[in-house]
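The values are calculated or read from the model by the stated rules, or taken from the named source; none is laboratory data. Computed from a predicted model, the values in this text were never measured in an experiment. Please note: Cβ atoms are built from the backbone with ideal geometry, for glycine as well, and neighbour counts cover all protein chains shown. Only protein heavy atoms, including side chains, enter the accessible area calculation; ligands, DNA and RNA are left aside. Shrake-Rupley method; radii C 1.70, N 1.55, O 1.52, S 1.80 Å.
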Amino acid sequence: MLKNGIVWKDTQGNPIHAHGGYMIFHEGYYYWYGEDRRDNFYVSCYRSQNLTDWEFRNHILTTNSKMEGYRVRTTLKLINEDGKKVNLERPKVLYNKKTNKFVMWAHFENGKNYLDAAVAIATCDTPDGDFTYHGHFNPYGYMSRDCTLYQEEDGTSYFISASRDNADLHVYRLSDDYMNVDCLVHSLWQGEYREAPAVIKGKYHYYMISSFCTGWAPNQGKYAWADSIEGRWSSLKEIGDETTYDSQSAFLLNVNGKLLYVGDRWGGDGDKYFESGYVVYPLKETEDGLEMIYQDTAEFE
Ligand code: GLA
């Protein structure tokens, strides 16, 4: 039984560092990716067949990761001018069937402030191998902070990120190889300052849950719905309570038709503010909208 709100342990009894994370299902396993700010790590990967027993796989992105530019002009920087770590937040990974690569998109900052507001890309031939870092850039010159990825069944995928100092939420369609943005599809909820976007397709609609901008402190989550990612999105509606039951959205899962919200309960103001405990709250889809159900324990099925 996984208790909501605490840092869960992997199968070796070590704390799971997959904060601000993401999950994909690939060849019989769920892979969980997330932030790991210890030592020289950036992103760690765990896997599970039952969504409860998590096996640590690899520190897939570190300060020592191999770097390689690609056709998009990027800045290859995994250590800043002061010799310190940069920030790589909210890493998301998709499998690209056409290129047979696992492609990561993450929020990049220079480790000193949040002014770069850029997106970084990395790739690997396996879901949990050593990723090659391809650097960071600003899509069409836009600021890009909190982010997520969403993949359709036919492979069409989207990158969604907070732009204009977080005021607007941008939705970009990805190029076929997932190595660039192909076009800007939407600039949503102008001036509403949404962070931590997470998308899922349910029985009736697509849903996007996001938070307001209050740093590491939790706030009122909101959701919106649409009939397609590129179609018209509804206005924002409240979900959960005024602290989203003490959490901030990380990602959403559809497990055999059951919709689940996975959130971070960040460490607070101490020096572990960037370490989160995890929560799983079921989402109930009705014809009137989406509801979040508070639970003390995480039930994935
Ligand atoms: C918000 C974001 C996090 C991180 C912190 C930094 O909580 O969602 O990803 O950027 O702010 O303050």
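Things to note:
- Just so you know, in segment 197-229 the residues that are outside any strand (DSSP E or B) and β-branched (Val, Ile, Thr) include one that is nearest to the ligand (Cβ to nearest atom), and it is THR214.
- In segment 35-50, the residues that are within 17 Å of GLN12 (Cβ to Cβ) and part of a strand (DSSP E or B): PHE41, SER44, CYS45, TYR46, ARG47, SER48
- Residue check for PHE102: open to solvent by 10 Å² or more (accessible area, probe 1.4 Å) and of a type in the set (Phe, Trp, Tyr): no
- Among the residues of segment 67-87, those identified as open to solvent by 10 Å² or more (accessible area, probe 1.4 Å) and either part of a strand (DSSP E or B) or within 16 Å of the ligand (Cβ to nearest atom) (or both) are MET67, THR75, ILE79, LYS85, ASN87.
- Scanning segment 178-213 for residues that are open to solvent by 40 Å² or more (accessible area, probe 1.4 Å) and charged (D, E, K, R) yields ASP182, GLU192, LYS201, LYS203.
- Residue satisfying all of: in segment 135-157; outside any loop (DSSP other than H, G, I, E, B) and open to solvent by 10 Å² or more (accessible area, probe 1.4 Å); nearest to the ligand (Cβ to nearest atom) among these: HIS136
- Residue match in segment 116-125 (condition: open to solvent by 20 Å² or more (accessible area, probe 1.4 Å), within 16 Å of the ligand (Cβ to nearest atom) and not in a strand (DSSP E or B)): yes
- Subset of segment 244-269 (residues that are within 13 Å of the ligand (Cβ to nearest atom), at pLDDT 95 or above and either assigned to a loop (DSSP other than H, G, I, E, B) or open to solvent by 10 Å² or more (accessible area, probe 1.4 Å) (or both)): THR244, SER247, GLN248, ARG265, TRP266
- Residue selected from segment 176-196 under the condition among the hydroxyl-bearing types (Ser, Thr, Tyr) and within 18 Å of the chain's Cα centre (by Cα), by the criterion farthest from the ligand (Cβ to nearest atom): TYR178
- Condition met for TRP233 (in contact with a strand residue (DSSP E or B) (Cβ under 7 Å, 6 or more places away or on another chain) and modelled with pLDDT under 95): no
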